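These notes are about the structure you will find just below.
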Amino acid sequence: MKRKLILTVGLLAVMVGTISLHAQDVSQTAKPKKHRFSIYAGLGPNFYFNNLEVSKQYVREFNFAFVTRFMWEPGHNLSLGLETGYNGLYSIKENPTVVSQVKISNAVIPIQLVISMKFLQDFYGSFTMGQSILLNKVYTKTPIGEQRSTATNLSLGDFGLAAGYKKSISPKIYLGAEIKGFYSSKLDDKNLGLVFLTGFRL
């Protein structure tokens, strides 16, 4: 009698455990995995608001920008992250004489905090703030030879604003575009770009 009772209780325990595991598997299958982190990368043209006083007429105002972001997206309208990349501000090509040439290019590498808010199903706005590494490259050519120099500096108070659209084309991939403004306080540089983005949920 005792053996039958122990055997019956054991069988019931195994059955209950099996049913519980099956129910857990079904529940996990029914609920999609939440992807709370995403990586974005984008590239596009930008326009520099020319505020130079020297050689202003030689400034090439159209350049390009490359953007990368690592974002924490907890499933609400607000998300946080970090942004970096390469933002070409302007370039200058000048020929002071027939046999001489000067080329200057300025760009920034931002290292900034991003706060992004979704305000419609697929639309969002974002604000960035932080520091930027300023890159200045100069090339000169004269009858006596050529010279190249590169200088770096740090801009401590830079900001950006963006408004964009992104669409999920698969459970893990986004495609989108945004209009992005950037301001560097070091030399009062400003530009506005159109960036085409691809996102990947981790």
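The values are calculated or read from the model by the stated rules, or taken from the named source; none is laboratory data. All figures in this text were calculated on a predicted structure; none of them were measured in a lab. No Cβ is skipped: glycine too gets one built from the backbone with ideal geometry, and neighbour counts run over all protein chains shown. Ligands, DNA and RNA are excluded from the accessible area calculation, which covers all protein heavy atoms including side chains. Shrake-Rupley method; radii C 1.70, N 1.55, O 1.52, S 1.80 Å.
Conditions tested, residue by residue: (1) in contact with a helix residue (DSSP H, G or I) (Cβ under 8 Å, 6 or more places away or on another chain); (2) exposed (fewer than 14 other Cβ atoms within 10 Å of the Cβ); (3) without any contact (Cβ under 8 Å) to a residue 24 or more places away in the chain.
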site	(1), (2), (3)
TYR40	no, no, no
GLY44	no, no, no
PHE49	no, no, no
VAL54	no, yes, yes
TYR58	no, no, no
VAL67	no, no, no
LEU78	no, yes, no
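Any residue at all in segment 98-111 that is touching a residue at least 60 places away in the same chain (Cβ under 8 Å), closer than 23 Å to GLU61 by Cβ and polar (S, T, N, Q)? Within segment 98-111, one or more residues are touching a residue at least 60 places away in the same chain (Cβ under 8 Å), closer than 23 Å to GLU61 by Cβ and polar (S, T, N, Q).
It is to be established whether one or more residues within segment 143-153 are closer than 18 Å to MET71 by Cβ and loosely packed, with under 12 Cβ neighbours inside 10 Å. Scanning segment 143-153 turns up no residue that is closer than 18 Å to MET71 by Cβ and loosely packed, with under 12 Cβ neighbours inside 10 Å. Can you confirm whether segment 28-41 contains a residue that is at pLDDT 95 or above, under 20 Å from the mean Cα position of the chain (by Cα) and of a type in the set (D, E, K, R)? Within segment 28-41 (the criterion being at pLDDT 95 or above, under 20 Å from the mean Cα position of the chain (by Cα) and of a type in the set (D, E, K, R)), the answer is no, since none of the residues qualifies. The single condition among (1) of a type outside the set (Gly, Ala, Ser); (2) open to solvent by 40 Å² or more (accessible area, probe 1.4 Å); (3) in a strand (DSSP E or B) that VAL108 does not meet is (2). When ARG201 is tested against the conditions (1) in contact with a His (Cβ under 9 Å, 6 or more places away or on another chain); (2) buried (at least 20 other Cβ atoms within 10 Å of the Cβ), the lone failure is (2).
Among the residues here, LYS166 does not qualify as in a strand (DSSP E or B), closer than 26 Å to PRO96 by Cα and either of a type in the set (D, E, K, R) or open to solvent by 60 Å² or more (accessible area, probe 1.4 Å) (or both).
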